[in-house]
Amino acid sequence: MSTEKKATLTFTDGTAAVEFPIYGGTIGPDVLDIRKLYGASGKFTFDPGFMSTAACESRITYIDGDKGELLYRGYPIEQVAVHCDFLDTCYLLLNGELPTEEQSQDFDGRVLRHTMVQEQMSRFFLGFRRDSHPMALLVACVGALAAFYHDSLDIQNPEHRFVSAIRLLAKMPTLVSMAYKYSIGQPFIYPKNSLSYTANFMRMMFGTPCEEYAVNDVLTRALDRILILHADHEQNASTSTVRLAGSSGANPFACIAAGIATLWGPAHGGANEACLVMLDDIQRQGGIEKIGEYVGKFKDKNSGVKLMGFGHRVYKNYDPRAKLMRETCHEVLAELGLENDPLFALAMKLEQIALEDDYFVKRKLYPNVDFYSGIVQKALGFPTSMFTCIFALARTVGWIAQWNEMIGEPDQKIGRPRQLYTGPVRRDIPQQFRRD
Ligand code: SDX
């Protein structure tokens, strides 16, 4: 971090002025190092939702919200999504560089040879109702992985961290497909390591013991690209959760389970499921003719509904992933002969209307990664309830890379924010409430 710039904070209440160093990164906004503020002034900063707070230094992913730019270790998402596959992207995010052919073979081989889970885990599912939301099963199963891997829980040991990373990357597709199979009453399909990572996942999801599963290269490549688009995204809510959980020294399986739980929310990774539910709703109520009525609701604070898949804390321009997702959506629908899919037509019309509406334009609300992902995942055969599980599968590598980076920081500390307290001052328990 470069620093020669400084900021001085003066107070009108007689508190002595405090000077802060300003650090600059390679690209993006400078930061004020305010770590000494409380010691020097007895005051905290106040930033609910972290609208203006950088919680860490990172070298992994960069987002320019105004330009609509996303870089994975410096490479634009438009290039990574087209020129790389998902395991290349995992290697890049974890190691900082794209793999050579030899490194790729070694890494891919390690991941593909760790895809099975301990057999006892298949009985774990029996404790759940068949109609449980698959995210509930995923949170439980990923956290439960810690029960099996006592040999790799020393997070200060880089080798343990690497082994845990491989295990998580390798087993997420297996666990996600087990959650799905359990929900539809079909037998679990064991991984087939001669297939690619994504083809293996699709076979575990859609294959049955009764017949050979035919890999469709176009659909497999489309899903591989969807995984790449969701792989990492700077300090979003679930990644910040993983970092905070990891800062306490919790094991990697517990940290990733916490990330999955956070991703579940409809304001975050649950938005793709909510977006498809919204599009299905509009379609049922009359489709494109009804869009105007719905847009009116999205703009009405009292309606309690938002245009799901639109808006973003960082992007105040088009989410580059949404553009790539729309292209992928088009490819998949064409491959499946669904070019006239009514939901895709409805989504494109809704996008066009919203982008011309002053409410959305003024607030710089654009489609985000979740706007088209539900349509393409539904076309690929995934039920709506599985969309966020697919997001979690993809984001696992980002969570691990960010967790690894945090653990590896020399001055790593437990995360412990403070507060503005506005509750009652000290008081005694009245006699009538005392049980002694
Ligand atoms: C993801 O952080 C990440 O990087 C996340 C993610 C990742 O890869 O990890 O990119 C993945 O989570 C994408 C976002 C998915 N969520 C949705 O699509 C849900 C719908 N979007 C909104 O809930 C909202 O846009 C957020 C949560 C995404 C962002 O909210 P902010 O930054 O807190 O902004 P805000 O809620 O303060 O909105 C600003 C204004 C408000 O109106 P005013 O108070 O100014 O009048 O815009 C309005 C909001 O009411 N607004 C919307 C809206 N999003 C914001 N109004 C209607 N529909 C929407 N979708």
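Bear in mind these aren't lab numbers, they're just calculated from the coordinates by the rules spelled out. Just so it is clear, the structure is predicted and the values come from calculations on it, not from any experiment. Virtual Cβ from ideal backbone geometry, glycine too; neighbours counted across all protein chains shown.
Before moving on, here are some points about what is shown:
- Rounded to the nearest 20 debye, the dipole magnitude of the stretch 3-107 is 720 debye, with +1 charges on Lys and Arg beta carbons, -1 on Asp and Glu beta carbons, and the Cα centre as origin.
- Relative intensity, log₁₀ I(q)/I(0), of the stretch 248-327 from a Debye sum that treats every alpha carbon as a point, q = 0.16, 0.18, 0.26 Å⁻¹: -0.78, -0.92, -1.28
- Order of M204, M121 under a 10 Å beta carbon neighbour criterion, fewest first: M121, M204
- For the stretch 52-66, 3J(HN,Hα) per residue [Karplus equation, 6.51 cos²θ - 1.76 cosθ + 1.60, θ = phi - 60°, Hz, x = Gly/Pro]: 10, 10, 9, 8, 6, 9, 9, 10, 9, 10, 10, 10, 10, x, 6
- Measuring max minus min along each principal axis, the C-alpha atoms of the stretch 387-436 give extents of 57, 36, 24 Å (largest first).
- Protection proxy ranking for 169-180, 63-74, 124-135, using the average of other Cβ atoms within 10 Å per residue and placing the highest first: 169-180, 63-74, 124-135.
- Neighbour counts of other Cβ atoms within 10 Å put T12, T384 in the fewest-to-most order T12, T384.
- Alpha-carbon centroid distance for the pair the stretch 253-282 / the stretch 335-375, whole angstrom: 18
- Magnitude of the charge dipole, the chain, Cβ model with Lys/Arg +1 and Asp/Glu -1, debye to 20: 1720
- Summarised as an ellipsoid, the stretch 117-269 has semi-axes of 26, 18, 17 Å, derived from the eigenvalues of the Cα gyration tensor scaled by 5 and square-rooted, with the largest first.
- DSSP-assigned coil residues among chymotrypsin sites (Phe, Trp or Tyr not before Pro) in the stretch 315-396, each with at most 10 further Cβ atoms within 10 Å: none
- Each peptide among 104-112, 153-161 gets the average number of other Cβ atoms lying within 10 Å of its residues, and from highest to lowest they stand as 104-112, 153-161.
- For F20, residues with placed amide H under 5 Å, excluding near neighbours: A7, T8, L9
- Among M172, Y359, A231 - extreme Cα towards positive end, dipole of the chain, charges at beta-carbon: Y359
- Principal-axis analysis of the Cα atoms of the chain puts helix 320-335 at an angle of about 10° to the longest axis.
- Reduced Cα scattering model of the stretch 324-428, Debye log10 I(q)/I(0), q = 0.17 Å⁻¹: -0.91
- Whole-number D in µm²/s for the stretch 23-155 (Stokes-Einstein; Kirkwood sum over Cα pairs; 4 °C, 1.567 mPa s): 66
- Here's the picture: charge each Lys and Arg Cβ at +1 and each Asp and Glu Cβ at -1 in the chain, and of Q283, S196, T61 the one pushed furthest to the positive end of that dipole is Q283.
- Helix 134-144 axis versus longest C-alpha principal axis of the chain: approximately 70°, rounded to the nearest ten.
- J(HN,Hα) series, the stretch 207-222, from Karplus relation 6.51 cos²θ - 1.76 cosθ + 1.60, nearest Hz, glycine and proline x: x, 9, x, 7, 7, 5, 8, 8, 6, 9, 4, 5, 5, 5, 5, 5
- Inverting the pair-averaged 1/r between distinct Cα atoms of the stretch 50-119 gives 14.1 Å as its Kirkwood hydrodynamic radius.
- Residue by residue, the stretch 304-318 carries 3J(HN,Hα) couplings of x, 10, 10, 6, 5, x, 10, x, 6, 5, 9, 6, 10, 8, 5 Hz when phi is fed to the Karplus relation 6.51 cos²θ - 1.76 cosθ + 1.60 (θ = phi - 60°); x denotes Gly or Pro.
- Estimated [θ] at 222 nm from DSSP helical runs (n ≥ 4, -39500 (n - 2.57)) normalised by residues in the chain, nearest 500: -15000 deg cm²/dmol
- For the stretch 243-392, the fraction of alpha-carbon pairs in successive 10 Å shells from zero, as %: 11, 38, 33, 13, 4, 0
- Footprinting exposure proxy ranking of I184, I390, I166, I22, fewest other C-beta atoms within 10 angstrom first, gives I184, I22, I166, I390.
- Here's the list of lysines a cross-link from K323 could span, going by alpha-carbon distance under 17 Å and ignoring same-chain residues fewer than 8 apart: K67, K349, K364.
- When the Gaussian network model of the chain links Cα atoms closer than 10 Å, the mean-square fluctuations of P21, P191, P410 top out at P410.
- When you count the other C-beta atoms within 10 angstrom of each residue and take the mean per peptide, 138-149, 425-436 line up highest first as 138-149, 425-436.
- Both radii come from the Cα set of the chain: Rg as radius of gyration, Rh as Kirkwood radius; their ratio Rg/Rh reads 1.00.
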